[in-house]
């Protein structure tokens, strides 16, 4: 198992290098030169030459690529052309906001999707099953941005219950700053015992989380239901019933484990969908995460930032999938060696 | 009447495009403590479905009528809450394919402990002791406890399955083709085990298509054809004086021990699809004795002797059977 | 039984819904609708009425006309995405699977890199590179998705290659191209079509999303995602500006997905039929 893990890790490193090369090539092809971005509209020839030398753009492309990969390996993504700050620093700073949003949404999607899927399988063909099917089919058909807008209309515009956008009430954070321990505002404000900040952070989280969650909830729900039904039809479940297993122990033990283990793959995929969906959600809710950061960077041709954040997200995505595969190893007795 | 499994007028049918089709028809069968009853028939004759009905495990789209009683408790129409304490405790079943009938995600030990603790409120050590006992009885050691199904051979799995079935010392054990997938030596040991269990008081319903197996261990035999019991009697009666043409055909088409070298017979034709069942006797198209009445009237079971009954208009005369075998 | 009927009613409703959208899209120029790009500040932000069924937007454009004309764009773009993705993927998959060796290894590693991006991230990066515009967004999505198609074809090639009749054809010297065309392509066609039809709805969503964040359609193109984006400053007071184009996307994708699901269910005998 350890051998497999290291083989996978080596493979992952190779793919990350591949992604680095790919993004590097893409960045060289970006339509406008980063120099203009740095120097404004009318730079002199010397300024341009100086900037090119500073960025290493006067060297051969292969050398640039080599230097880039070495830098990336050291966790050095260069400085943002837009803000002049190190990309790594900005990414890390914004990563926590995305992490808070995505993990909450994933947690909720699993916590709701799995039980609803089990219920749906147990009530197969009844109205509740039809209802969850509608939810599942609709959930993946709603554009994320439209769902967010409808939620904003209802809960901000109409009911006035929840804030329109942002991560926390800005006045509040100026008056009572919350010390950052984890970067997750919900946890930090709870740690600081700052109830009003906690309330504000929570109320700001609700709509983006719901927006991001729905498609994943739909996917997880339907996958759980279908796998559960398949497992319930298997011989060993009939045998378990023949030995007196109660419905409860079927749904929550004997059929649950064979359902959950393959479900891990779906949950890993869902995580990827959420990272993609977070781009739209963050733009819509003005959420200061890396999703919104990508869009800002792309729009302003801030190529070190685009490269850095793309690499970070892809690596995270690959790592999550690796963890999922390793969990599979631990949980499915059939692939023990 | 108290112990034992009593099946009366059990009919099982499925709705299909053309109406209702009976897979099992007015079946009468009893298994008493201490005896092994062989239920013999070709695949598709309804024997496995009958077994599932005894556990209340017929598929959801199956319509059921008649009665199945286990130690006086009615199974037909009983709720899950009534059935759960009976299943595994009063009646247990050894399934045909142990490879798929055991849960691949739990060890044999976990699965067996689950069965014990479902039916008895005992502490872990007592439960473990009875699990070990059941394993030993079926010829496995405690090493099996920590194994997952995929780590065991077919023979070991079949034994584990048997151990699981007998762990709660049920009154009735249904064994559905318990030895089909196994090689001959393992098969013999498993049949011996069944005999032992019966001698200790268990009533066993042995489902098989193999008359040789029945000849070795069964006390009584019921022959099923196309959803009907066509002949039932003591094992000796059936083997020495089969009265139904189908039973005779089965006997002639299987190598019976001590039968010597003789030409094996095959019954021509196949079991008719139960959805398109004919009127009258279902076997008539394959029967050499067919008369007009066979096509129009379904006969009731006739008693040849108090223990030997046959479902045929023209049972084969005892002398002629004896002469043939 | 009843559930089967219910499923078919669903499918029939979806077929009718999607059919109507397609017909509207085809007939859009001939319906005598207002010009969806016609700006008229005198008519801005009018609520739905007999005159303007879906109201007007912040620039006084008729939203009903925009939704109908937008259907043309969205359906065509989604079709373009799957056709181009399959068009790039099929030959690459054929070559990789058939040639094997280092060509195959290179393809697999490249597709690993493509699949290392979470969905939507690669289309965003690529359309940033290509610049704004709906056609560029279409190309960006198609390029991001082609490895899926190539992988499907490649795996069919690998399984067909081991078939006896193909080995026999090779043994008697049939040229690789004719084997590929005669034996491999027909076998891989149906999984490719299934994949393409499942991707169709997703392609509508993805291109609309790109337009929404400003990396897809640009005015004066009439596109649903762009219509929703342009409503962002006003939708809280004037709900119809976002609601109708948004619902148009949702319903189109919903109908398409339900239809594909039920067709696939009836084609695939392995999938369980509910009793």
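Below are the figures for this structure:
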item: Any pair with Cβ under 6 angstrom, 6 or more apart, that starts in region A:128-150 at a residue that is farther than 29 Å from residue C:211 by Cα and ends at one that is surrounded by fewer than 21 Cβ atoms within 10 Å (Cβ to Cβ); result: A:129/A:123
item: Single unsatisfied condition, residue B:98 versus (1) in contact with a strand residue (DSSP E or B) (Cβ under 8 Å, 6 or more places away or on another chain); (2) crowded, with 20+ Cβ neighbours inside 10 Å; result: (1)
item: Every residue from region B:114-132 that is surrounded by fewer than 18 Cβ atoms within 10 Å (Cβ to Cβ), touching a helix residue (DSSP H, G or I) at 6+ places or on another chain (Cβ under 9 Å) and without any contact (Cβ under 8 Å) to a residue 40 or more places away in the chain; result: B:117, B:122, B:124, B:126, B:128
item: Cβ pairs under 7 Å, 6+ apart, first in region C:203-229 and within 10 Å of chain A (Cβ to nearest Cβ) and over 20 Å from residue C:25 (Cα atoms), second part of a loop (DSSP other than H, G, I, E, B) and modelled with pLDDT of 90 or more; result: C:209/A:143
item: Verdict on residue C:152 being more than 11 Å from chain A (Cβ to nearest Cβ), in contact with a helix residue (DSSP H, G or I) (Cβ under 7 Å, 6 or more places away or on another chain) and either at negative phi or modelled with pLDDT of 80 or more (or both); result: yes
item: Region C:30-64, subset touching a residue at least 40 places away in the same chain (Cβ under 8 Å) and not in a loop (DSSP other than H, G, I, E, B), residue surrounded by the fewest Cβ atoms within 10 Å (Cβ to Cβ); result: C:64
item: Residues of region B:243-265 satisfying the condition of being within 16 Å of residue B:40 (Cα to Cα), out of contact with any strand residue (DSSP E or B) (no Cβ under 7 Å at 6 or more places or on another chain) and at pLDDT below 80; result: B:252, B:253, B:254, B:255, B:256
item: Test result for residue A:253, without any contact (Cβ under 8 Å) to a residue 40 or more places away in the chain and more than 10 Å from chain C (Cβ to nearest Cβ); result: yes
item: Which numbered condition residue B:144 misses (of (1) surrounded by fewer than 17 Cβ atoms within 10 Å (Cβ to Cβ); (2) away from every other protein chain (no Cβ under 14 Å)); result: (1)
item: Residue in region B:89-110 that is more than 10 Å from chain A (Cβ to nearest Cβ) and in a loop (DSSP other than H, G, I, E, B) present; result: no
item: Selection status of residue B:189, away from chain A (no Cβ under 14 Å), part of a helix (DSSP H, G or I) and at pLDDT 90 or above; result: no
item: Elements of type helices (runs of 4 or more DSSP H) contained in region A:182-279, each with 2 or more residues being at pLDDT 90 or above; result: A:195-232, A:235-242
item: Meets criteria (buried (at least 19 other Cβ atoms within 10 Å of the Cβ), within 18 Å of the chain's Cα centre (by Cα) and farther than 16 Å from residue C:207 by Cβ) for residue C:70; result: no
item: Selection status of residue A:160, free of Cβ contacts under 8 Å to residues at least 12 places away in the same chain, within 12 Å of chain C (Cβ to nearest Cβ) and loosely packed, with under 15 Cβ neighbours inside 10 Å; result: yes
item: Flag for residue A:285 being modelled with pLDDT under 85 and under 19 Å from residue A:209 (Cα atoms); result: no
item: Number of the condition not met by residue A:86 [criteria: (1) more than 30 Å from residue A:166 (Cβ to Cβ); (2) crowded, with 16+ Cβ neighbours inside 10 Å]; result: (1)
item: Boolean, residue B:88 is over 15 Å from the mean Cα position of the chain (by Cα) and on the phi > 0 side of the Ramachandran plot; result: yes
item: Residue in region B:35-50 that is over 12 Å from the mean Cα position of the chain (by Cα) and modelled with pLDDT of 85 or more present; result: yes
item: Filter pass, residue C:146 being surrounded by 14 or more Cβ atoms within 10 Å (Cβ to Cβ), modelled with pLDDT of 85 or more and over 17 Å from the mean Cα position of the chain (by Cα); result: no
item: Residue match in region B:156-177 (condition: farther than 26 Å from residue B:33 by Cα, out of contact with any strand residue (DSSP E or B) (no Cβ under 6 Å at 6 or more places or on another chain) and without any contact (Cβ under 8 Å) to a residue 60 or more places away in the chain); result: yes
item: Meets criteria (touching a residue at least 60 places away in the same chain (Cβ under 8 Å), in contact with a strand residue (DSSP E or B) (Cβ under 6 Å, 6 or more places away or on another chain) and either closer than 13 Å to residue B:4 by Cβ or surrounded by 16 or more Cβ atoms within 10 Å (Cβ to Cβ) (or both)) for residue B:44; result: no
item: Among the residues listed as A:205, A:275, the single one being more than 14 Å from chain C (Cβ to nearest Cβ), more than 30 Å from residue B:89 (Cβ to Cβ) and in contact (Cβ under 8 Å) with a residue 40 or more places away in the chain; result: A:205
item: Flag if residue B:165 is out of contact with any helix residue (DSSP H, G or I) (no Cβ under 9 Å at 6 or more places or on another chain) and assigned to a helix (DSSP H, G or I); result: no
item: Residue satisfying all of: in region A:70-91; assigned to a helix (DSSP H, G or I) and under 17 Å from residue A:303 (Cα atoms); nearest to the chain's Cα centre (by Cα) among these; result: A:91
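The values are calculated or read from the model by the stated rules, or taken from the named source; none is laboratory data. Just so we're clear, the structure is a prediction, and the values are computed from it rather than from any experiment. We place every Cβ from the backbone using ideal geometry, glycine too, and count neighbours over all the protein chains shown.
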